[in-house]
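The structure appears below as structure tokens.
Where a number appears in this text, it was derived from the coordinates with a stated rule and is not lab data. Predicted model only: the values in this text are computed from it and were never measured. Please note: Cβ atoms are built from the backbone with ideal geometry, for glycine as well, and neighbour counts cover all protein chains shown.
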Amino acid sequence: MDLITSMVAERPVVIFSKSTCCLSHSMTTLIRSFGANPTIYELDEMTNGQPIESALLQMGCQPSVPAVFIGQKFIGGSKRVMSLHLRNELVPLLINARAIWI
């Protein structure tokens with residue numbers, strides 16, 4: 001958990017991803033479409049990716065990726081992010097985290 005906390009600290013948007021995960025790619029594309037520049041951690045390309053994935057699972061990320069953090073808070077996976085988007089709640093979160101300026 002401390003590892004995850006340090007990785008998302010002072011970054012407005014962080015997405016834990018795998019390079020082969022289409023849902024991770026979709027979440028990244030969606031968030032970038034609003035003008036945000038998320039920090040992306042591709043767990044399958046990192047030497048310490050396995051312990052990070054285990055920590056995400058312990059936090060309740062099911063499945064482990066995509067795991068989206070906005071304003072240093074765990075938002076959820078693709079279903080949660082899409083739900084926020086459909087309810088017009090995603091953009092305000094990005095604005096409040098200073099990830100975008102509109």
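Side notes on the structure shown:
- The GluC sites (Glu not before Pro) found in the chain that occupy coil by DSSP, while having at most 15 further C-beta atoms within 10 Å, are Glu10, Glu89.
- Rounded to the nearest 20, the size of the Cβ-charge dipole of the stretch 1-77 about its Cα centre is 260 debye, with Lys and Arg at +1 and Asp and Glu at -1.
- CD proxy at 222 nm, helix term only [per DSSP H run n ≥ 4: -39500 (n - 2.57); per residue of the chain; nearest 500]: -12500 deg cm²/dmol
- Between Thr47, Thr28, Thr39, the Gaussian network model of the chain with springs among Cα atoms under 10 angstrom shows the greatest mean-square fluctuation at Thr47.
- Surface/4 of the Cα convex hull for the stretch 2-96, nm²: 5.5 nm²
- Cα lying deepest toward the dipole's positive end in the chain, options Trp101, Leu3, Met59, charges on Cβ: Trp101
- In plain terms, the chain from Ser54 to Asn37 could stretch by 3.6 nm, reckoned as 0.36 nm per residue minus the Cα-Cα distance.
- Fluctuation leader among Pro12, Pro51, Pro66 - the chain, Gaussian network, Cα springs under 10 angstrom: Pro51
- DSSP loop trypsin sites (Lys or Arg not before Pro) with at most 14 other Cβ within 10 Å excluded, longest remaining stretch of the chain: 1-86
- Between amide H atoms placed 1.01 Å from N, distances below 5 Å from Gly76 occur with Val68, all of them 5 or more places distant or on a separate chain.
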